[in-house]
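S.K.: Could you have a look at this structure, given as structure tokens, before my questions?
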């Protein structure tokens, strides 16, 4: 049984850990004010000493002016480097060198129950810290673009409007997530985009200013199929994507797809709806040859297709 003394030591150890994260990282957390048809703002964090800052796409998308405020009170104009509404991530830059910055950690090593520390600017209250634990891993949620974001981190570290785009830290002061959403009026249910997703997306934004996704050029609609009508790799398929239309000279058009075809798999991966298709058609799909499994009439067919680059 723990004694009173050991209880106090445990609490003190926790407090020292959380306080240590704040002391180590808070100077790299910024407030972002934006001017667009509807003014707003959020948080962000300095990723590199030469002024690149990560935040949420929904904070800066469509802004015609941005101002970043640092913890020491410095205010600077920022410019958008690139944003990706599908993953709700963005990069902006300020014209300063030698900034304090925080590294992206490895979100694949997260475990439910470990300490999570969020720092941001809820309702404009500069550099506010909240702490909790990782509540769940592998959640899915929709971005404002309607695309599904996967491997979302759930935490009970309290977030409020203005925290969006701020960092979620582990006990070592590494960014393991980018805070993105809350559920109102729920308490203690908050979400962050994992740092491993951010590493890839931010890298693309820094190099290209945008995210290139695989594109085949169809207008699709989720449709149910009669149970047992088709199997792919011995798995029963109960739904797919119906081709409602094709863009001229697109990969789908050149592959010979027709309106009314139903896509049910891509290289053996089941396509039960548009979310599956979007997931398969990521950056790594560009230029790669796939075999689409489709149903045309009452016949199952395999159609080769090569997705091309499309923003």
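S.K.: Going 7 Å from the Cα of residue 48 in the Cα-to-Cβ direction, what parts of segment 87-105 have a backbone nitrogen less than 15 Å from that spot?
M.R.: Hits in segment 87-105 for residue 48 at 15 Å: 90-104.
S.K.: What is the calculated FRET efficiency for residue 100 to residue 36, with r their C-beta to C-beta distance and R₀ = 30 Å, to the nearest 0.05?
M.R.: E(calc), rounded to 0.05, equals 0.60.
S.K.: Helix-derived [θ] at 222 nm for the chain: sum -39500 (n - 2.57) over DSSP H runs of at least 4, divide by residue count, nearest 500?
M.R.: -5000 deg cm²/dmol
S.K.: Given a Förster distance of 30 angstrom, what is the FRET efficiency for residue 234 paired with residue 212, based on the Cβ-Cβ distance and rounded to 0.05? Before the final figure, lay out each step's value.
M.R.: Numbers: r = 34 Å, r/R0 = 1.14.
It comes to 0.30.
S.K.: Now for a separate question. Could you calculate the contour length gain from residue 227 to residue 302, that is, 0.36 nm times the residue separation minus the distance between their Cα atoms, to one decimal place in nm? Can you show the working numbers first?
M.R.: Details: separation 75, 0.36 × 75 = 27.00 nm, distance 2.05 nm.
Using 0.36 nm per residue and subtracting the Cα-Cα distance, I get 24.9 nm.
S.K.: Let me ask something else about it. What is the distance in Å between the Cα centres of segment 100-155 and segment 212-243?
M.R.: 33
S.K.: Can you work out the FRET efficiency for the pair residue 16 and residue 64, with r the C-beta to C-beta distance and R0 = 41 Å, to the nearest 0.05?
M.R.: Calculated transfer efficiency: 0.40.
S.K.: Still on this structure, please answer the following. For a quick size check, give me the Cα extents of segment 86-180 along its three principal axes, largest first, whole Å.
M.R.: 36, 32, 27
S.K.: Taking the Cα-to-Cβ direction at residue 77 and at residue 151 and moving 7 Å from each Cα, how far apart do the two end points lie in nm?
M.R.: The modelled label-to-label distance comes out at 3.8 nm.
S.K.: Pairs of alpha-carbon atoms within less than 8 angstrom and 6+ residues apart define the contacts here; what relative contact order does the chain have, in percent? Can you show the working numbers first?
M.R.: Values: 786 pairs, mean separation 41.0, N = 311.
Value for the chain: 13 percent.
S.K.: Something else: Of 30, 18, 306, 92, how do they rank once you tally other Cβ atoms within 10 Å and put the fewest first? The partial results should precede the final answer.
M.R.: Details: 30 30, 18 18, 306 15, 92 27.
Ordered from fewest to most neighbouring Cβ atoms within 10 Å, 30, 18, 306, 92 come out as 306, 18, 92, 30.
S.K.: Give me the percent relative contact order of segment 4-94, please, defined on Cα pairs under 8 angstrom at least 6 residues apart. Mind dumping the intermediate values first?
M.R.: Details: 156 pairs, mean separation 22.1, N = 91.
Relative contact order, segment 4-94: 24 percent.
S.K.: Below 8 Å, C-alpha to C-alpha, sequence gap of six or more: please give me the relative contact order for segment 187-311 in percent.
M.R.: Here the relative contact order equals 26 percent.
S.K.: To the nearest 10 degrees, how steep is helix 4-25 against the longest Cα principal axis of the chain, on a 0 to 90 scale?
M.R.: 70
S.K.: On C-alpha positions alone, give me the angle between the axis of helix 195-208 and the longest principal axis of the chain, in degrees, nearest 10.
M.R.: On a 0 to 90 degree scale, this one is about 80.
S.K.: Can you tell me the alpha carbon radius of gyration of the chain divided by the globular rule-of-thumb value 2.2 N^0.38 Å?
M.R.: Scaled against compact globular proteins, the figure is 1.16.
S.K.: Taking 0.36 nm per residue of sequence separation and subtracting the Cα-Cα distance, how much length would be gained by fully extending the chain between residue 267 and residue 200, in nm to one decimal?
M.R.: Roughly 21.8 nm would be gained on extension.
Taken together, the values in this text are just the output of simple stated rules run on the coordinates, not laboratory data. Computed from a predicted structure; not experimentally measured. Here Cβ is always computed from backbone atoms with ideal geometry, including for glycine, and neighbour counts include all displayed protein chains.
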